[in-house]
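Peer 1: Before I ask anything, let me first share the structure, which is written out below as structure tokens.
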């Protein structure tokens, strides 16, 4: 169940993680119920369908919108989980920079410059996306498993295939 207004109270500069099925949308809380986030130019508040289509965009717009309008019916949480790894910038610096970026069109790439990269850059001064890192790890593991499987098939073919060649040669 999605949190209600009274379950979590974000503070200035908090990272907001919004769960939208197979991925998370990230935003920065700037106060008075508003967030700043990077979104495709055509995305409506709370729309997860257009966010999925964002992989086809090369540009995105920095938007200032009400948290609840963007969250819609999705679950969300405050996620400052990298605080133990990186020192957050001060809330006033984060909020000032976020407000200055509103309305700007920025380059967008799901792998190098998505909404999570944008939000972590604001909070920590480091552009990072854990969901991209995890996806990369899954792809590498899948590739390794595929190569391993192909290697087993090739080895089996070499081992079992050699006997049939010898039979043909003796006939």
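The values are calculated or read from the model by the stated rules, or taken from the named source; none is laboratory data. Since we're looking at a predicted model, the values are computed, not measured. Using ideal geometry, Cβ is built from the backbone for each residue, glycine included, and neighbour counts are taken over all protein chains shown.
Peer 1: Here is a check on your reading of the model: is residue 65 in a strand (DSSP E or B) and modelled with pLDDT of 95 or more?
Peer 2: Judged against the criteria, residue 65 is a match.
Peer 1: For residue 38, state whether it is closer than 25 Å to residue 90 by Cβ, within 16 Å of the chain's Cα centre (by Cα), at pLDDT 75 or above and assigned by TED's automatic domain parsing to the domain that holds residue 100.
Peer 2: The answer is yes for residue 38.
Here's the yes/no breakdown for (1) farther than 18 Å from residue 20 by Cβ; (2) out of contact with any helix residue (DSSP H, G or I) (no Cβ under 8 Å at 6 or more places or on another chain); (3) assigned to a helix (DSSP H, G or I):
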position	(1), (2), (3)
60	no, no, no
73	no, yes, no
87	yes, no, no
97	yes, no, yes
